[in-house]
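S.K.: Okay, handing you the structure first.
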Amino acid sequence: MITPSSSNSLAARILALALLAYTSAPAGANWLGKDKQPIPDWGLQAAKTHTPDYAKDAPAVILFDEYVETVDAEGRAVERERRVKRVLKPQGRGDVTCNVEFDVDEKINYFRVWTIAADEKQYQAQDTDFIEEGDTGIPIMLSTRKARIAHPPAVDVGATIVCESEKLLQPYLEENVWQIQHGIPVVFQALEVDLPPGRAHTQAWHQYKPVQPVEVAPNHWRWEIKDTPALILRDVRSAPEWEALASRMSVQWGDAAVDGTDNQWRAIGQWVTTLEAGRPDPSPEITAQVQALIAGAPDFYTKLSRITESIQKNIRYFIVERGIGGFQANHAADIFRNKYGDCKDKTTLLISMLQVAGIHAFYVPVDDRRGIVDPDDPSMFGNHMITAIEIPPDVQDPRLKAIVKARDGKRYLIFDPTNERTAVGNLPSYLQGGYGILSAGASSQVIALPILAPDANGTEMTGKFTLQPEGALTGSVDTAHSGPGGADLRMMLKYTDEKERREYWEKVVAESLPGAVLDSFQFVQPDALDKPLEFHYKLTVAQYAHQAGPLLLVRPRVLGSHALPFDDKPRIYPIDLNATGRWRDTFDIALPPGYIVDETPDPVDLDLGFASYRSSVSAKGNTLHYEREYLVRQVQIPAAKSADFHRLENAILADEKGAAVIKRQ
């Protein structure tokens, strides 16, 4: 079971830890004795399940997975899970982990694990086979969330693992998320929700055709699903996020258990509004700071940028989560005084400071992975918090690009205060094209996050080079990086020193020019975040041109690649293009004395709607001139356009590899 995801970082580490810990049973391993509990009948029966043919190539298979949520009159649930897995290949040992995640507001009532070895011997995990792993996957996170992980003996090919646990869930969340699809196949799975009399429930499905439950007892509902294939994206090029494609179902039994998707989203937004009520109230210190910041500001944008940049520069990103603190922010006064906070804390302080300036702003729960929040699946499932800033009707400023319109006609600027280097008005690429919950009390609703025009992001690269008769190339490169791309570079500069930056850029250059030497480099970072970041460097390549008898072959495209990973396999999943943007390259190569251009690659002019690519090569006197423009208008395209995507990528690759022929006069 996955609860609204304050625990996403924990799941990946559980698998990694399990891969190291699972080994075959040593001599003298634990076995069922007089003080041990026998494997329950449901586990023995599930273990008899034949491995289906469709799972035989998988490393492991889930034979049985059942959750029962028993909800009391106050809406708090006890969750029981029963799971049976089988190891099919050596690498499948890590796929049969038994674990229970919990926080300070939750309690594990019991957790038992058994192994039925390949030779039919039965073992039970003992106290020494269990460990607890803290949520330390992110270095700047302090969290009370943990996982209890079992490492039972005799886990080898052919072994079957039986897990059973029960825990008391958080008192403040009245929903749960049933993860239907996994990285290995599932033969049978079920979910039960046992509700007290009179309490309603709703269900919403993501990437799965809805299944109607059976009422097995009064207000006790059961869903069953059989033969769910694994979702494996390992070899899928340019794929969306795994959890955007994996099937799941959200169950609500609290205030959001109402008719209508819009009403459910509104109820969730109202819950967030109530949870954070009073948190953004400004203190006298916040008020004084804001008044000083906006003094003399000539327009709305200047007010915004002064406030947002003060948070981006002065409030350090640091997570301290304890129980409900994974959802509820600290008070603005404490965040301002301590000068640190997580995403919801930074949003809280921003809302507080904007309030002093007379600007309304609201919480927007999101996920920083595009496609996770589904407008058809009302849920708090997500991992991030950003801000919606109300734009007055009379403000029409082209610098405010990331604007959405709510159902009542109000305009909101979407801004991520956690992103320290993206200017207000712009939006990080990872948020574009996703969805969020505008938490504005009775006006709460799910909103589509904007996809910005290409001019909001990109790079201008200009290179001037000199080619020597023996094939060496020297030159200088000037780049200007704007939008999210420039923000990423600013973050790299913040967390690296001179040596690390040189090493980083040498690797970048080497992708296009193996053996290149970076002679010098300089970053020019303006104070204003909405100004392009400049990067100037000089380089030398000992052997750039290739001799072909009396001719020299020269690649006009000296640096950079816009090609995305792709293959010609049939496509069933959407194609993620990462980001919208406009990238322009202009390269001039001065030829050696006595040489002229004899032949150039054909120009490219391809516009497929979602993206376009244009390039040309020409001779200007003693100079080989190359220029191109790559423009992306969408962040994701459907699988039906895979042929066009292949066409685009083939054109880019052919152009990037194309060679001009030069010869002596």
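The values are calculated or read from the model by the stated rules, or taken from the named source; none is laboratory data. If you're wondering where the values come from, they're calculated on a predicted model, not measured in any experiment. Ideal geometry is used to build each Cβ from the backbone, glycine not excepted, and the neighbour counts take in all protein chains shown. Ligands, DNA and RNA are excluded from the accessible area calculation, which covers all protein heavy atoms including side chains. Shrake-Rupley method; radii C 1.70, N 1.55, O 1.52, S 1.80 Å.
S.K.: Using only the Cα atoms of the stretch 477-622, build the gyration tensor, take square roots of its eigenvalues as a ≥ b ≥ c, and label the shape rounded, prolate or oblate: rounded if a/c is under 1.5, else prolate if a/b is larger than b/c, else oblate.
M.R.: Working: a/c = 1.81, a/b = 1.17, b/c = 1.55.
Note, shape of the stretch 477-622 comes out oblate.
S.K.: Once the dipole of the chain is set up with Lys and Arg at +1 and Asp and Glu at -1 on Cβ about the Cα centre, which of W221, Y317, M385 lies farthest towards its positive end?
M.R.: My answer, from the dipole projection, is Y317.
S.K.: Continuing with the same structure: So how tilted is helix 483-494 from the main axis of the chain? Cα-based, degrees 0 to 90, rounded to 10.
M.R.: 80
S.K.: Return the carbon/sulfur percentage of the accessible area of the stretch 447-553, one whole number, probe 1.4 Å, all protein chains in place.
M.R.: Numbers: 2920 of 5340 Å².
Reported share for carbon and sulfur atoms: 55 percent.
S.K.: Follow-up. Write out the trypsin sites (Lys or Arg not before Pro) in the stretch 338-391 meeting two conditions: DSSP loop, and at most 15 other Cβ atoms within 10 Å of their Cβ. If you can, show how the numbers build up before the last one.
M.R.: Numbers: sites: K339, K344, K346, R369, R370; in loops: K339, R369, R370.
For trypsin sites (Lys or Arg not before Pro) across the stretch 338-391 that sit outside H, G, I, E and B with at most 15 neighbouring Cβ atoms in 10 Å, the list reads K339.
S.K.: Working from the pairwise distances between different alpha carbons, so that the mean of 1/r is found and then inverted, what is the stretch 314-473's Kirkwood radius in Å?
M.R.: Numbers: mean 1/r = 0.0576 Å⁻¹.
Answer for the stretch 314-473: a Kirkwood hydrodynamic radius of 17.3 Å.
S.K.: Can I ask one more? Lys/Arg Cβ at +1, Asp/Glu Cβ at -1, dipole of the stretch 568-650 taken about the Cα centre: which of A643, V617, P574 is farthest positive-ward?
M.R.: P574
S.K.: Where does the stretch 242-334 land on Rg(C-alpha)/(2.2 N^0.38 Å)?
M.R.: Values: Rg = 18.7 Å, N = 93, 2.2 N^0.38 = 12.3 Å.
Taking the Cα Rg and dividing by 2.2 N^0.38 Å, one obtains 1.52.
S.K.: Anything over 18 Å Cα to Cα? Flag those among K48/K85; K146/K167; K313/K531; K146/K346; K569/K641; K507/K538, in the order listed.
M.R.: Working: K48/K85 11 Å; K146/K167 13 Å; K313/K531 16 Å; K146/K346 25 Å; K569/K641 13 Å; K507/K538 15 Å.
K146/K346, as the Cα separations exceed 18 Å there.
S.K.: Spit out the partnerless Cys residues in the chain, using Cβ distances under 4.7 Å as the pairing rule.
M.R.: If one checks each Cβ against the other cysteines of the chain, C343 turn up with nothing under 4.7 Å.
S.K.: Here's something else I'd like to know. Once fully extended, how much extra length lies between H360 and S520, figured as 0.36 nm per residue of separation less the alpha-carbon to alpha-carbon distance? Working shown, then result.
M.R.: Numbers: separation 160, 0.36 × 160 = 57.60 nm, distance 4.72 nm.
My answer for the length gained is 52.9 nm.
S.K.: Taking θ as phi - 60°, what are the ³J(HN,Hα) couplings along the stretch 298-307 by the Karplus curve (6.51, -1.76, 1.60), each to the nearest whole Hz, with x for Gly and Pro?
M.R.: So the Karplus estimates, Gly and Pro as x, are x, 7, 4, 4, 5, 4, 4, 5, 5, 6 Hz.
S.K.: Counting Lys and Arg as +1 and Asp and Glu as -1, each charge on the Cβ, what is the dipole of the chain about the Cα centre in debye, to the nearest 20? Intermediate results must be reported in sequence, preceding the final value.
M.R.: On the way: 71 positive and 90 negative charges, 194 e Å.
Using Cβ point charges on Lys, Arg, Asp and Glu, the chain gives about 920 debye.
S.K.: From zero up to wherever the largest Cα-Cα distance of the stretch 238-290 sits, split into 5 Å bins and tell me the percent of pairs in each.
M.R.: For the stretch 238-290, the binned pair fractions read 4, 15, 13, 11, 13, 13, 10, 9, 8, 3 percent.
S.K.: Let me know the Rg and Dmax you get for the stretch 404-448 when you use only its Cα atoms, in Å.
M.R.: 11.3, 33
S.K.: Residues with amide H under 5 Å of D105's amide H, sequence separation 5 or more or different chain, H placed in the peptide plane at 1.01 Å from N; which?
M.R.: It is G323, by chain and number.
S.K.: Counting each pair of different Cα atoms once, what's the Kirkwood radius of the stretch 583-651 in Å, rounded to one decimal? It would help to have the intermediate numbers written out before the result.
M.R.: On the way: mean 1/r = 0.0720 Å⁻¹.
Kirkwood radius, the stretch 583-651: 13.9 Å.
S.K.: Tell me the Kirkwood hydrodynamic radius of the stretch 83-132 in angstroms, computed as one over the mean inverse distance between distinct C-alpha pairs.
M.R.: So the Kirkwood estimate lands at 12.9 Å.
S.K.: Would you work out if the stretch 67-159 is rounded, prolate or oblate? Take a ≥ b ≥ c from the square roots of the eigenvalues of the alpha-carbon gyration tensor; rounded if a/c is under 1.5, else prolate when a/b is larger than b/c, oblate otherwise.
M.R.: Values: a/c = 2.36, a/b = 1.47, b/c = 1.61.
The shape class here is oblate.
S.K.: OK, next. Please pull out the direction-averaged projected area of the stretch 424-536, using the convex hull of its alpha-carbon atoms, in nm² to one decimal place. Each step should come with its number before you reach the end.
M.R.: On the way: hull surface 38.2 nm².
It is 9.5 nm².
S.K.: Nearest 10 degrees is fine. How inclined is helix 8-21 to the longest principal axis of the chain, computing both from alpha carbons?
M.R.: Once rounded, the angle reads 80 degrees.
S.K.: Are there GluC sites (Glu not before Pro) in the stretch 116-176 that DSSP puts in a loop and that have at most 12 other Cβ atoms within 10 Å, and which ones?
M.R.: Values: sites: E120, E132, E133, E164, E166, E174, E175; in loops: E120, E174.
Of the GluC sites (Glu not before Pro), the ones in loops of the stretch 116-176 whose Cβ has at most 12 other Cβ atoms within 10 Å are E120.
S.K.: With the calculation restricted to Cα positions, what are the radius of gyration and Dmax of the chain in angstrom?
M.R.: Gyration radius and largest Cα-Cα distance of the chain: 28.9, 96 Å.
S.K.: To the nearest 10 degrees, how steep is helix 261-275 against the longest Cα principal axis of the chain, on a 0 to 90 scale?
M.R.: 90
S.K.: Shape of the stretch 128-189 from its Cα gyration tensor (a ≥ b ≥ c, root eigenvalues): rounded if a/c is under 1.5, otherwise prolate when a/b > b/c, or oblate?
M.R.: On the way: a/c = 1.84, a/b = 1.27, b/c = 1.45.
Note, shape of the stretch 128-189 comes out oblate.
S.K.: Summing -39500 (n - 2.57) over the DSSP H runs of n ≥ 4 in the chain and dividing by its residue number, what mean residue ellipticity at 222 nm do you reach, to the nearest 500 deg cm²/dmol? Let's see the in-between values first.
M.R.: Values: 11 runs with 130 residues, N = 665.
Rounded to the nearest 500, the figure is -6000 deg cm²/dmol.
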